[in-house]
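K.L.:
Questions regarding the structure given below will be posed in turn.
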Amino acid sequence: MQVDAERLAQEFITLCEIESPSRHEGRISRHLQGIFTELGADLVLEDDSAATTGSESGNLLIRFAGTLPLAPIFFSCHMDTVPPSKGVKVRRSGSLFTSSGDTVLGSDDKSGLVACIEAMRVLKEKNLAHRPVEFLITTCEEIGLVGAKAFDTSVMQAREGYALDSTGFAKVVTHAPAANKLQIHVAGIAAHAGLHPEWGINAIVLAAKALADIPCGRIDEESTVNFGVIQGGAASNIVPEKVVIDGEVRSHSPQKLKQLTQTITDRFVNTAKHWTDPTGAARGNPRIEVLVEEDFPAMALAQESQVIRRIEEAASAIDLTLSYEKAGGGSDANIFNGRGLATAIVATGMTNVHSTSEQVELADMVRLTELILALLTKVQC
């Protein structure tokens, strides 16, 4: 199963130079649909998620029926990239790909996409027998897994698969945390800061008191808390009436996620509840509301699970040694696992992602393609 490394390289450059920021995936979606149609896919489906996500394109589901009597598997990638991504120009130095230095490269996640494309090109040109396979290509992953959340997984035939979307190489992520989004609304009372400050209640001060009493950062080996955005106030001569804080809680433990979320909620609410008016002149009382939204569920795959045993067998078939890790971030795989699709995350070779120094080696993308081919042709489970 000889991978055409130069063909892969040229397709990777093409993919990266098609601008595809989140919600603007129309061009790359059409490009991908054309490729898989030309390869003879049995299904090229663009779903109707664009109405929900606001993207120019829906998610894509590609299906090849296969010729081996084995259970289908799927591979997942996302087609969107983070900014700065306008006018990407790929630079190649030997086998190393970078951008020109003023944009991201886009190997997140186009290194995964190109491996899927090259694998199917090899299968078709060599007329190789392979198991049924689906490719799920999502939109808007980089802005909160929005495309995956809007995808109806019931249309898929495969119930297990691999999300090709992690840094490094020869690495499989088996565990990732669940996350809750928090939005805290702190309401004080506006007043003139020079004439009658005692009439007001300073929402910024209230928010600061609550935040000072809340653990933040790494809480333990399983859990983190962060407050990333705070907005409030109108002018320096007005006692600020409103503050809005955006934060998150993550944990591999559902119990700890619940406990930390409740602790944060209680401390904000109690800050308002136990507020005292130092002058007795304030024209009202403070209010604090904490809104909690489940962002994504945890994923936890046992080493003896079929989805892990299968990729271990495939790696062994091509003399590749894999490492296994727990992640601290979320990905589309969290959503799929939460909906009953056992999904491991596989590293693609990309490094320094979400930066203008992003890069990837051709050799890693070639080996990833070989791993996909082994999963489709050499593994019997």
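The values are calculated or read from the model by the stated rules, or taken from the named source; none is laboratory data. Remember, it's a predicted structure, so these values are computed and weren't measured experimentally. Please note: Cβ atoms are built from the backbone with ideal geometry, for glycine as well, and neighbour counts cover all protein chains shown.
K.L.:
Quick one: would you say Val122 is assigned to a loop (DSSP other than H, G, I, E, B) and not charged (D, E, K, R)?
P.N.:
Judged against the criteria, Val122 is not a match.
K.L.:
Before we move on, is Ala272 assigned to a helix (DSSP H, G or I), touching a residue at least 60 places away in the same chain (Cβ under 8 Å), out of contact with any Ser or Thr (no Cβ under 7 Å at 6 or more places or on another chain) and assigned by TED's automatic domain parsing to the domain that holds Ser76?
P.N.:
No; evaluated as a whole, the condition is false for this residue.
K.L.:
Out of curiosity, is Cys140 assigned by TED's automatic domain parsing to the domain that holds Asn352 and more than 20 Å from Phe12 (Cβ to Cβ)?
P.N.:
yes
K.L.:
Of these, Ala158, Ala129, Ala119, which one is in the same structural domain as Glu38 (by TED's automatic domain parsing), at pLDDT 95 or above, more than 25 Å from Met350 (Cβ to Cβ) and in contact with a Leu (Cβ under 8 Å, 6 or more places away or on another chain)?
P.N.:
Ala129
K.L.:
While we're here: Within the group Ala333, Ala374, Ala315, which residue is surrounded by 19 or more Cβ atoms within 10 Å (Cβ to Cβ) and over 29 Å from His252 (Cβ atoms)?
P.N.:
It is Ala374.
K.L.:
Out of the residues in region 347-369 that are more than 21 Å from Ala314 (Cα to Cα) and of a type in the set (Ser, Thr, Tyr), state the one that is surrounded by the most Cβ atoms within 10 Å (Cβ to Cβ).
P.N.:
Thr351
K.L.:
Look through Ile245, Ile230 and report the one residue that is surrounded by fewer than 20 Cβ atoms within 10 Å (Cβ to Cβ) and assigned to a strand (DSSP E or B).
P.N.:
After ruling out the rest, the residue left standing is Ile230.
K.L.:
Need the failing condition index for Pro83 against (1) crowded, with 18+ Cβ neighbours inside 10 Å; (2) under 23 Å from Gly144 (Cα atoms), just the number.
P.N.:
Unmet condition: (1).
K.L.:
Right, another one. With at pLDDT below 95 and either in a loop (DSSP other than H, G, I, E, B) or of a type in the set (D, E, K, R) (or both) as the only criterion, which of Gly349, Gly328, Gly340 stands out?
P.N.:
After applying the criteria, what remains is Gly328.
K.L.:
Please determine, by comparing only the residues of region 160-178 that are under 12 Å from the mean Cα position of the chain (by Cα) and of a type in the set (Gly, Ala, Ser), which one is farthest from Leu376 (Cα to Cα).
P.N.:
Looking at the filtered set, the residue picked out is Ala176.
K.L.:
May I ask you to list the residues in region 156-199 that are of a type in the set (A, V, I, L, M), over 26 Å from Ala314 (Cβ atoms) and in contact (Cβ under 8 Å) with a residue 40 or more places away in the chain?
P.N.:
Result: Ala178, Ala179, Leu182, Ile184, Val186, Ala187, Ile189, Ala190, Ala191, Ala193.
K.L.:
As an exercise: evaluate Val186 against (1) crowded, with 19+ Cβ neighbours inside 10 Å; (2) within 30 Å of Ser323 (Cβ to Cβ) and give the number of the one condition it does not meet.
P.N.:
(2)
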